[in-house]
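Engineer: Below is one structure. I have some questions about it.
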Amino acid sequence: MRAGAAWSPDAHGIRIAVRVTPRSSREAFGGSDAEHFSARLTAPPVEGAANAALVQLVARSFGVPKRAVTLVAGDTARLKRLRVEGDTAALEQTAATLYATKA
């Protein structure tokens, strides 16, 4: 079960689509619309600070080490694609749970 294209299985885990809101008052990660997760970050979008904060937030949310999360596309955009490496079935279950919560 997956919500739209917010995540899809990958050979080594899953790929997720994320809409980022930098300079938020709090950090949060959860469902957004049918196509994306939503990530609220306190970091500003300068010199890679928001991307680094996003990787850390996604790793913490999925319960994987930071090295298991890779930014695949959207380095300077609000819409980003990331790969989360690990057990695909477990990551998809976590994605479904996270998607059910609003960020």
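The values are calculated or read from the model by the stated rules, or taken from the named source; none is laboratory data. Predicted, not measured: the structure shown is a model, and the values here were computed from it. Cβ sites come from the backbone with ideal geometry, for glycine too, and all protein chains shown count toward neighbours.
Engineer: Restricting to the range 74-99, name every residue that is touching a residue at least 60 places away in the same chain (Cβ under 8 Å) and either farther than 19 Å from R19 by Cβ or aliphatic (A, V, I, L, M) (or both).
Structural biologist: L79, L82, V84, E85, G86, D87, T88, L91, E92, A95, A96, L98
Engineer: Here's something else I'd like to know. Under the condition of being in a helix (DSSP H, G or I) and not small (G, A, S), which residue from the range 74-103 is farthest from E35 (Cα to Cα)?
Structural biologist: T88
Engineer: Kindly establish whether V69 is among the aliphatic types (A, V, I, L, M), closer than 22 Å to R26 by Cα and touching a strand residue (DSSP E or B) at 6+ places or on another chain (Cβ under 7 Å). Even if it seems obvious, please write down each step before you answer.
Structural biologist: On the way: among the aliphatic types (A, V, I, L, M): yes; closer than 22 Å to R26 by Cα: yes; touching a strand residue (DSSP E or B) at 6+ places or on another chain (Cβ under 7 Å): yes.
So V69 passes the test.
Engineer: Continuing with the same structure: Every residue in the range 72-103 that is over 16 Å from S8 (Cβ atoms), surrounded by fewer than 18 Cβ atoms within 10 Å (Cβ to Cβ) and not hydroxyl-bearing (S, T, Y), please. It would help to see each step written out before you state the result.
Structural biologist: Within the range 72-103, the subset over 16 Å from S8 (Cβ atoms) is 75-78, 97, 100-103.
Applying the additional criterion that residues be surrounded by fewer than 18 Cβ atoms within 10 Å (Cβ to Cβ) yields 75-78, 97, 100-102.
Scanning the range 72-103 gives D75, A77, R78, A100, K102.
Engineer: Output yes when any residue across the range 3-17 is outside any strand (DSSP E or B), surrounded by 14 or more Cβ atoms within 10 Å (Cβ to Cβ) and at pLDDT 95 or above, and no when none is.
Structural biologist: Within the range 3-17, none of the residues are outside any strand (DSSP E or B), surrounded by 14 or more Cβ atoms within 10 Å (Cβ to Cβ) and at pLDDT 95 or above.
Engineer: Only residues that are on the phi < 0 side of the Ramachandran plot and touching a Gly at 6+ places or on another chain (Cβ under 7 Å): list them for the range 82-93, please.
Structural biologist: R83, V84, E85, T88, L91
Engineer: Which is polar (S, T, N, Q), at pLDDT 95 or above and more than 14 Å from T94 (Cβ to Cβ), of T70, T21?
Structural biologist: Working: T21 fails: at pLDDT 95 or above.
Answer to the check: T70.
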